[in-house]
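This report concerns only the one structure given below.
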Amino acid sequence: MKRRWITLMRIIHTGIVNFIRNASLAIAAMAVMTVTLTIVLFSLIANATFGHEIDQITGKIDVSVYLKDSDTSDQIHGLTDALKQLPNAESVTFLSKDEVLKNFQRQNAGNQSLLTAANETSNPLPATIHIKPRDLNKISDIKTYLERKDVESLMSDPPSYSGKLKEAIDNITHATNILREIGVIAVAVFALVSALIIFNTIQMAIFNRRDEIQIMRLLGASTSYIRGPFIVESILYGILSAVISVLIINAIFIASSSTLQATTFGLLDISFATTYFDSHFWQFLTMQIGVGIVIGAVSSFIATRRYLRFKTK
């Protein structure tokens, strides 16, 4: 047991020495890995921020069903209960004509001409059923139900999910899906590039130390003993790159919110993103280090296995 511990310490020490010795190669590998991990972290924060913004938007979006004054209470209750059974209906709220008028007056409290016009005539506003969808991607399910002949016969006007509003909701949903797909693709591409850079870096290190490796083989060094320092070296790439990537993201948020006094970064809500990053700082740091170690270790293992062609012992 003691011998194995001493061997492990020697492998780690050799890996650290090789890391310092190959500083120029290490900087190149770490630069690409830092970019990769920064994109990974930024994508996660952006996804969470977009999700928060979408939740806020969807919380204000509903489908309004405008009812005829001639509809009976049984018909209205029957329609309301049926809408509550729809899988994509998170909530269904019925407002009578009087409640709709009160909401109208409250929302237009500053527009005296509208209020005067509304008071001079009998209540022209229809009773309304508001349907809040669970998922905007599936809002067409609600629309399909409302297009049934027996349901349309109860409506005084087409539902609110139509025309420009429908187009706006569809555009929001489509744009969000595209942004998420771009984030996933960018992370995958840079992770692959990073792995290839580390792969080539280790390959060059092996080539530079080929005489030393050959001597170690002749002296009976085991496969793991020769391969170990290269893996340790790559793990150091990953750990340092992870720490740097977290510091870069932190610096971006500090500069954006404090120095530049910005509230948004493109479509990104800086305030929420900063709060989210700060509250998950240690989780992000741990995740980044883990991802960096995996990328480095796997790349190094493949490089040593392919180019050193060890014999298994």
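Read the figures in this text as sums done on the coordinates, not as results from a lab. Keep in mind that what you see is a predicted model, and the values were worked out from it rather than measured. Because the Cβ atoms are built from the backbone with ideal geometry, glycine has one as well, and the counts that use them run over all protein chains shown.
Annotations for the structure displayed:
- Taking other Cβ atoms within 10 Å as a rough exposure proxy, Val246, Val193 sort from fewest to most as Val193, Val246.
- Cβ-placed point charges (K, R +1; D, E -1), dipole of segment 63-159 about Cα centre in debye, nearest 20: 280 debye
- Partner aspartates and glutamates for Lys68 [C-alpha distance under 12 Å; skip if fewer than 8 residues away on the same chain]: Glu152, Asp157
- Remark on Asn123: its backbone amide H falls under 5 Å from none of the residues 5 or more positions apart or on other chains, H modelled at 1.01 Å from N.
- In sequence order, calculated HN-Hα J values of segment 283-288 (Karplus, 6.51, -1.76, 1.60; Hz; x Gly/Pro): 5, 5, 4, 4, 5, 4
- Across segment 34-40, coupling constants 3J(HN,Hα) worked out from phi with the 6.51/-1.76/1.60 Karplus curve, θ = phi - 60°, read 5, 4, 4, 5, 5, 5, 4 Hz, and Gly and Pro carry x.
- Other-chain or far-sequence residues with amide H under 5 Å of Ser156's (modelled H): Tyr66, Leu67, Lys68
- Anisotropy class of segment 63-159 from Cα gyration tensor, a/c 1.5 cut: prolate
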